[in-house]
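The values are calculated or read from the model by the stated rules, or taken from the named source; none is laboratory data. Since this is a predicted model, take the numbers as computed values, not measurements. Here Cβ is always computed from backbone atoms with ideal geometry, including for glycine, and neighbour counts include all displayed protein chains.
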Amino acid sequence: MGQKDVNSNACKIIILGPPGAGKGTQAEFIAQRLGLPHIATGDILRDEVKRKTKLGQKAKEYLERGLLVPDDLVIAIVKERLAGKDGFILDGFPRTREQAQALEDLVNLDLVLNIKLSAAELIRRLSARRVCADCGRNYNLLLRPPKQEGRCDLCGGRLFQRPDDQPEVIKQRYEVYEQQSAPLVQFYKERSILREIDGEGAVEEVLQDVLKAVNNND
Ligand code: AMP
């Protein structure tokens, strides 16, 4: 990842991996640790749907069916969110070759993390995921349970299961990942900024590996 000091707020990082690999959780930690804005396209889109904005109405059906929202819509969101930012951690974007190309035209990335997880494990994890209805924080009944059942540790909000974490939609999302997003690993390998992370361990173990990659000292 070059010689750049990554412990600065000018670091541009993206985090790849299949749905359920823990991208959001790890991105949240890195964002806190490095003081970077955490930009998660899935969170942004869910919020647009919840607020019934024009964009939300366009995106709703794709989210419900586990399909990708069209590139032009997502690229426009990311362009707007990245404007004026020196550093960031992008989570859930890019997911297609076209998105990766658009991002490359926009910024020079410092690091691409790819969290790897077997299909069996990610299905198990996604089925146990719960999200706070108020602040959006992610929990996992198996790996990162809330202190009080059904309530968010941070804000006390109600925890719910994302509709796209139902078995049929999980299957669809995984297929979409394999076909459209997995090839991006090769795209970034060719640019020598990719670091592979084993996502099978506990959240803290994965975090240690992520931090090593970020600090480039393993
Ligand atoms: P996530 O929270 O990252 O799992 O994203 C949830 C859903 O939002 C996905 O299944 C897609 O429907 C949509 N989405 C999020 N990010 C993107 C993206 N970069 N491109 C297209 N659709 C996206």
Being within 13 Å of the ligand (Cβ to nearest atom) and at pLDDT 95 or above narrows 109, 68, 113 down to just 68
Flagged pairs (Cβ under 7 angstrom, 6 or more apart or on separate chains; first in segment 69-90, free of Cβ contacts under 8 Å to residues at least 60 places away in the same chain; second of a type in the set (Ser, Thr, Tyr) and part of a helix (DSSP H, G or I)) are 69/62; 74/41; 77/41; 78/41
Apart from one, (1) within 26 Å of residue 48 (Cβ to Cβ); (2) more than 15 Å from the ligand (Cβ to nearest atom); (3) of a type outside the set (D, E, K, R) all hold for residue 142; the odd one out is (1)
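Being away from the ligand (no atom under 14 Å from the Cβ), modelled with pLDDT of 95 or more and loosely packed, with under 15 Cβ neighbours inside 10 Å: is that true of residue 154 here?
Here the answer is yes, as residue 154 does meet what is asked.
What do you reckon, is residue 60 of a type in the set (Lys, Arg), at pLDDT 95 or above and more than 10 Å from the ligand (Cβ to nearest atom)? So that I can check it myself, show each step before the final result.
Values: of a type in the set (Lys, Arg): yes; at pLDDT 95 or above: yes; more than 10 Å from the ligand (Cβ to nearest atom): no.
No: the conditions fail for residue 60.
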If we keep only residues of segment 38-57 that are within 10 Å of the ligand (Cβ to nearest atom) and aliphatic (A, V, I, L, M), then the residue nearest to residue 91 (Cα to Cα) is 40
Considering residues that are touching a Pro at 6+ places or on another chain (Cβ under 8 Å) and in a loop (DSSP other than H, G, I, E, B), the number found within segment 161-177 is 0
Contact list, first residue from segment 14-25 and farther than 14 Å from residue 144 by Cβ and of a type in the set (Ser, Thr, Tyr), second anywhere and at pLDDT 90 or above and within 10 Å of the ligand (Cβ to nearest atom), beta-carbon distance below 9 Å, six or more apart or interchain, is none
The correct count of residues that are within 13 Å of the ligand (Cβ to nearest atom) and under 14 Å from the mean Cα position of the chain (by Cα) in segment 75-88 is 1
